[in-house]
Amino acid sequence: MNIRTRFITLLCAALAANLLLVACGSDDNDSQEAQIEQPAKEHDIEAGNKQKPADEFPEDVVVPSDWFIIAKAPADDGFILSATTKDTVDVALAAVRQLFTDEGWTETGVQKPNAMMTQVSFSKDGRITNLNFINSYQARNVQLTTSKKPN
């Protein structure tokens, strides 16, 4: 499965997980989590509400401790991670900038393609990390991809 297909699958799984968790409340979290996890496993995606970055996840790709990780998956020469944060985009972006700068990453760009999305990119040692912050009703969805720079 190529990185684009894997990313789209992860994004769909993450958004579905977020909608289920928000819409259904927390009365029966175990069954809700099982509904999310089973289809995701078919694509080597770990999903649910108790995720942590993979053991192989690069230590210098910092995921703020207050982010709620929904799903993660290996990708071509890297990883994809989906999370939510209750912070505003400005607060989350400032935190990410500080954490990545502290780890030696260089910010290579930031853009706001529309009113609902903010994107930021970092590079370090032949690798790239991109984060997309997407506004939703009660939280911000964050899609993080990290991989080797394409040739």
Picking from 131, 81, 93, the residue that is buried (at least 16 other Cβ atoms within 10 Å of the Cβ) and more than 13 Å from the chain's Cα centre (by Cα) would be 93
The listed residue being more than 18 Å from residue 64 (Cβ to Cβ) and part of a strand (DSSP E or B), out of 80, 128, 134: 128
Mind checking whether some residue in segment 96-108 is modelled with pLDDT of 90 or more, part of a strand (DSSP E or B) and either among the aliphatic types (A, V, I, L, M) or in contact with a Ser or Thr (Cβ under 6 Å, 6 or more places away or on another chain) (or both)? yes
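The values are calculated or read from the model by the stated rules, or taken from the named source; none is laboratory data. Treat the numbers as computed from the prediction; the structure is a model and nothing was measured. Glycine also receives a Cβ, built like all others from the backbone with ideal geometry; neighbour counts cover every protein chain displayed.
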